[in-house]
Amino acid sequence: MHNQNRTPLTSARSARHAWRKSSYSQPEGACVEIARPGGDHVLVRDSKVADGPVIRIRAEAAALFADALLQGGL
């Protein structure tokens, strides 16, 4: 459901970024994609819904989250 108080990046805006999908992604596409637009943020989207909403998070928080996942902390 779209939150009317926030404007997610649209497909036109998110299409300009180089999106990467995990090498662990399943053939049915159940994965997320990330983009590094520059600066100190990372963009995250559902790989099955390329024109859907995009989450923007600080690169440091994304790195801490990824490390915790790799170490089994989450």
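Restricting the first member to the stretch 24-37 and to residues that are more than 15 Å from ARG58 (Cα to Cα), and the second to residues that are among the polar types (S, T, N, Q) and not in a strand (DSSP E or B), the beta-carbon pairs closer than 7 Å and six or more apart or on different chains are SER25/SER47; GLY29/SER47; CYS31/SER22; CYS31/SER25; CYS31/SER47; VAL32/SER47; GLU33/SER47. Take LEU74 and decide whether it is among the hydrophobic types (A, V, I, L, M, F, W, C), part of a helix (DSSP H, G or I) and open to solvent by 30 Å² or more (accessible area, probe 1.4 Å). Criteria not met by LEU74. The single residue among ALA61, ALA18 that is surrounded by fewer than 14 Cβ atoms within 10 Å (Cβ to Cβ) and either assigned to a helix (DSSP H, G or I) or modelled with pLDDT of 90 or more (or both) turns out to be ALA61. Taken together, the criteria exclude GLY38 from residues that are in a loop (DSSP other than H, G, I, E, B) and either modelled with pLDDT of 85 or more or in contact with a strand residue (DSSP E or B) (Cβ under 9 Å, 6 or more places away or on another chain) (or both). Answer yes or no: is there a residue in the stretch 42-55 that is open to solvent by less than 80 Å² (accessible area, probe 1.4 Å), of a type in the set (A, V, I, L, M, F, W, C) and farther than 22 Å from LEU74 by Cβ. Checking the stretch 42-55: at least one residue is open to solvent by less than 80 Å² (accessible area, probe 1.4 Å), of a type in the set (A, V, I, L, M, F, W, C) and farther than 22 Å from LEU74 by Cβ. When each of ALA12, ALA50 is tested for being out of contact with any Lys or Arg (no Cβ under 7 Å at 6 or more places or on another chain), part of a loop (DSSP other than H, G, I, E, B) and at pLDDT below 85, the lone residue that passes is ALA50.
Applying the set (1) modelled with pLDDT of 75 or more; (2) more than 20 Å from LEU70 (Cα to Cα) to ARG45 leaves exactly one unmet item: (2).
The values are calculated or read from the model by the stated rules, or taken from the named source; none is laboratory data. Small disclaimer: the values here were computed from a predicted structure and weren't measured. Positions of Cβ are generated from backbone atoms using ideal geometry, with glycine treated the same way; all protein chains shown enter the neighbour counts. Note: areas computed on protein heavy atoms with side chains; ligands, DNA, RNA excluded. Shrake-Rupley method; radii C 1.70, N 1.55, O 1.52, S 1.80 Å.
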